[in-house]
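Report on the structure given below.
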Amino acid sequence: MNNFDYRQAATTNDAALLVTDNDQAKFVAGGTNLLDLWKYNVTNPALLVDINRIRENKTIEEIEGGGIRLGALVTNADTAYHPLVEERYPLLSRAILAGASGQIRNMATNGGNLMQRTRCYYFYDPEVPCNKRIPGSGCPAINGYNRMHAILGHNENCIAVFPSDMCVALAALEAVVNVSGVNSKRSIPFENFHRLPESAPEVDNILKHGEIITSIDLPLKGFSSNYSYLKIRDRNSYAFALVSVATCLELDGDTIHEARIALGGVAHKPWRVKTAEDTLRGKPVTETSFAQAADIILSGAQGFKYNQFKIELAKRAIIRNCMMALQPESQKPGAQP
Ligand SMILES: Cc1cc2nc3c(=O)[nH]c(=O)nc-3n(C[C@H](O)[C@H](O)[C@H](O)COP(=O)(O)OP(=O)(O)OC[C@H]3O[C@@H](n4cnc5c(N)ncnc54)[C@H](O)[C@@H]3O)c2cc1C
Ligand code: SF4
């Protein structure tokens, strides 16, 4: 039995104060990831700061400039089914609903989704080394069973992938993450929030200890006419992505005016290659155009013994998903992917 203290915070600032003051403290929201990590002995907080009573981060509302703000404590289910999200950001709805299960989405919060940890099997097994769990101990995945692992952005320290679906859509939509610390606030462009392993694979993102995510802003542009989220996984439910793709297109007749393509399941963070997206500007809407972009996106990819297949899979998924974005009705609930 491990002893721990439990406190309920009433305000964002109280929560930030409690965690800042104790380097062994953690926030808990829905608990769907944290409690698993705790049960597996991957984490062992001395103080649990429950943020569920903070009222200010529980709404979805319109913001100046025409976008919307998603409270960090709104559940994934309430976000996916919110009329403003369904109507203006259907890509986000589809991505959230591709994740986990109905029960988990009812508990999981938006802030927690951004903060969830990798699903690398070695990370969850305290009997084996893992640089993300114990820095400097090694990475058994590199020469081990690495079917789920990264093909882009990895290095000799860690080849884990970030497992979120929601965050792949947030990357494509160019969301902004609002965070608060003790008497401080900052807004982080989504592409800068998660990080690559580099020399510190134990650090998943740029949040400082004690900083709390308060909300996520979606800019005005929601690409609700041409979008698609495709998740390729071993089972059709309750499974993490082998590869996922979020596509947003803005078309001018049969010509691409703007394209955004974000990948999940392939790197330590949602993956976008803006040079590839730029090459699509002014190109005809054809499989050939998307195939050329897919080649650029995967040009630096490097697989391992069990996940080489992901490189070709990602290319095909990009092409298929971009074509699906031309028919967004294929994304409606009940439609076959
Ligand atoms: C069986 C299973 C299947 C799953 N499948 C998928 C899937 O297919 N796709 C997918 O995307 N996800 C999947 N998930 C992950 C799930 O989406 C996350 O566990 C969930 O989003 C985490 O949210 P939470 O509120 O429960 O976070 P918690 O478990 O409460 O917290 C997770 C981490 O976030 C921190 N945290 C929470 N809120 C904040 C905040 N506001 N500010 C700062 N830090 C915070 C906590 O301190 C903790 O470190 C799955 C989970 C399970 C258990
Ligand atoms: S891939 Fe990363 S998380 Fe997995 S064992 Fe290696 S260091 Fe740990």
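The values are calculated or read from the model by the stated rules, or taken from the named source; none is laboratory data. Note that this is a predicted model, so its numbers are computed, not measured. Don't worry about glycine lacking a Cβ; one is built from the backbone with ideal geometry, like all the others, and counts go over all protein chains shown. The area values use the complete protein model at the heavy-atom level, side chains included, leaving out ligands, DNA and RNA. Shrake-Rupley method; radii C 1.70, N 1.55, O 1.52, S 1.80 Å.
Considering only the stretch 103-132, state which residues are farther than 21 Å from His194 by Cβ and away from ligand 1 (no atom under 13 Å from the Cβ).
Hits for the stretch 103-132 are Asp125, Pro126, Glu127, Val128, Pro129.
Those residues that are out of contact with any Leu (no Cβ under 7 Å at 6 or more places or on another chain), more than 12 Å from ligand 1 (Cβ to nearest atom) and not β-branched (Val, Ile, Thr), I need them from the stretch 192-218; list them, please.
Across the stretch 192-218, the qualifying residues are Asn192, His194, Arg195, Leu196, Pro197, Glu198, Ser199, Ala200, Pro201, Glu202, Asp217.
Give me the pairs, please: first residue somewhere in the stretch 215-232 and basic (Lys, Arg), second residue anywhere and open to solvent by less than 30 Å² (accessible area, probe 1.4 Å) and modelled with pLDDT of 95 or more, beta-carbon distance under 7 Å, and either six or more positions apart or on two chains.
Lys231/Ala98; Lys231/Asp165; Lys231/Ala241; Lys231/Ser244
Would you call Ala172 within 23 Å of Gln302 (Cβ to Cβ) and open to solvent by less than 10 Å² (accessible area, probe 1.4 Å)? Full working, then the answer.
Working: within 23 Å of Gln302 (Cβ to Cβ): no; open to solvent by less than 10 Å² (accessible area, probe 1.4 Å): yes.
The answer is no for Ala172.
Could you list, in sequence order, all residues of the stretch 230-243 that are open to solvent by less than 20 Å² (accessible area, probe 1.4 Å) and touching a strand residue (DSSP E or B) at 6+ places or on another chain (Cβ under 7 Å)?
Leu230, Ala241, Leu242, Val243
Can you tell me which residue in the stretch 1-58 is least open to solvent (accessible area, probe 1.4 Å), limited to those that are within 14 Å of Ile213 (Cβ to Cβ) and part of a strand (DSSP E or B)?
Selected residue: Val49.
Name every residue in the stretch 246-258 that is open to solvent by less than 10 Å² (accessible area, probe 1.4 Å) and within 18 Å of Lys283 (Cβ to Cβ), in order of residue number.
Thr247, Cys248, Leu249, Ile256
Which residue pairs have Cβ atoms under 7 Å apart, sit 6 or more places apart or on different chains, and have a first residue in the stretch 88-103 that is more than 14 Å from Thr247 (Cβ to Cβ) and a second that is small (Gly, Ala, Ser) and surrounded by 24 or more Cβ atoms within 10 Å (Cβ to Cβ)?
What qualifies is Ala100/Ala108.
If Leu218 satisfies all but one of (1) open to solvent by less than 20 Å² (accessible area, probe 1.4 Å); (2) more than 18 Å from the chain's Cα centre (by Cα), what's the number of the condition it fails?
Just one mismatch for Leu218, condition (2).
Looking at the stretch 199-212, can you tell me whether even one residue there is surrounded by fewer than 24 Cβ atoms within 10 Å (Cβ to Cβ), at pLDDT below 95 and not acidic (Asp, Glu)?
So far as the stretch 199-212 goes, no, none of its residues is surrounded by fewer than 24 Cβ atoms within 10 Å (Cβ to Cβ), at pLDDT below 95 and not acidic (Asp, Glu).
Restricting to the stretch 304-337, give me the number of residues that are crowded, with 16+ Cβ neighbours inside 10 Å, at pLDDT 95 or above and farther than 20 Å from Ile151 by Cα.
Residues flagged as crowded, with 16+ Cβ neighbours inside 10 Å, at pLDDT 95 or above and farther than 20 Å from Ile151 by Cα within the stretch 304-337 amount to 4.
Determine whether the stretch 198-208 contains at least one residue that is within 27 Å of Asn44 (Cα to Cα), within 9 Å of ligand 2 (Cβ to nearest atom) and of a type in the set (A, V, I, L, M, F, W, C).
No, the stretch 198-208 contains no residue that is within 27 Å of Asn44 (Cα to Cα), within 9 Å of ligand 2 (Cβ to nearest atom) and of a type in the set (A, V, I, L, M, F, W, C).
In the stretch 287-303, which residue that is open to solvent by 50 Å² or more (accessible area, probe 1.4 Å) and modelled with pLDDT of 95 or more is nearest to Ala314 (Cα to Cα)?
Asp295
Pairs under 7 Å by beta carbon, first residue closer than 9 Å to Ala95 by Cα in the stretch 157-168, partner more than 7 Å from ligand 1 (Cβ to nearest atom) and of a type in the set (Ser, Thr, Tyr), six or more apart or different chains?
Asp165/Ser244; Val168/Ser244
Take the stretch 134-150 and flag every residue that is crowded, with 21+ Cβ neighbours inside 10 Å and farther than 17 Å from Glu198 by Cβ.
Of everything in the stretch 134-150, those that are crowded, with 21+ Cβ neighbours inside 10 Å and farther than 17 Å from Glu198 by Cβ turn out to be Asn146, Met148.
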